[in-house]
Amino acid sequence: MSIARFWRETPRRYNLGGSKCTECGTIYFPPRAVCPACTRHRQSIEKMVPFQLSGSGEVLSYTVVHEAAEGFEMQVPYVIALVKTDEGPVLTGQVVDVEPDRVAIGLKVHATFRKLREEGKAGVIHYGYKFAPVDEPDRGPPSGPPAAAVPASSGARDRAPA
C-alpha cells in the first residue's frame, strides 16, 4: 500500500470508523457509501452515516502463522484472527499480548493500536489496529508482560470451528 493511501485511510485505521445504513441499520467496516443489504441499493444513497465501532468483539476463527511473509520473519509465531465485533462487522487482525496456544474461538478481545510495519529505507512507520484479549475473571490474565512492554508481533497454526 502506498504511503499516501495509507495516510488517507488513517482516520479509519486509528478510530475504527465505519458507517451505518439509516434505512436498515446494518453497520459496515470499512465505511461504505451504499448499503448492499438494502433490497434496493439506491434507497441507501446519502443515508449512510458515520459510525464508531467500539473495538470489542470475540474470535470467530484464527490461524497461527509459522511461515511469515518477507519482513515479518522475526515475529513468528503470531495469530491472525477473524473477530466479530459487538456491532456486527467481522474484522481480520493480529491477536497480540497472548501466547498463540492461549487463543481460542470465543476469546473476548478488544482493538488496540500498534505498529504494523516500517516501509522502505526511510523507515516510515505504519500503525493500525490489532486485537488483545480482554481480561476475564474466569480465564485469568493473558500470559506475558503487560501490553505497554510488548512489541507488536505476528504468526499461524490453522484453527477452525469444530
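Any read-out appearing in this document is the output of simple, stated calculations on the displayed coordinates, not a laboratory observation. Nothing here was measured: the structure is a model prediction, and the numbers come from that model. Please note: Cβ atoms are built from the backbone with ideal geometry, for glycine as well, and neighbour counts cover all protein chains shown.
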Q: Return the subset of Lys84/Lys115; Lys20/Lys108; Lys84/Lys121 for which the Cα-Cα distance in this structure is over 31 Å, preserving the input order.
A: Lys84/Lys121
Q | Whether segment 71-133 is rounded, prolate or oblate, judged on the alpha carbon gyration tensor where a/c under 1.5 counts as rounded | A | oblate
Q.
Please give me, ordered by residue number, the GluC sites (Glu not before Pro) of segment 12-111 that lie in loop per DSSP and have at most 13 other Cβ atoms within 10 Å.
A. Glu46, Glu67, Glu70
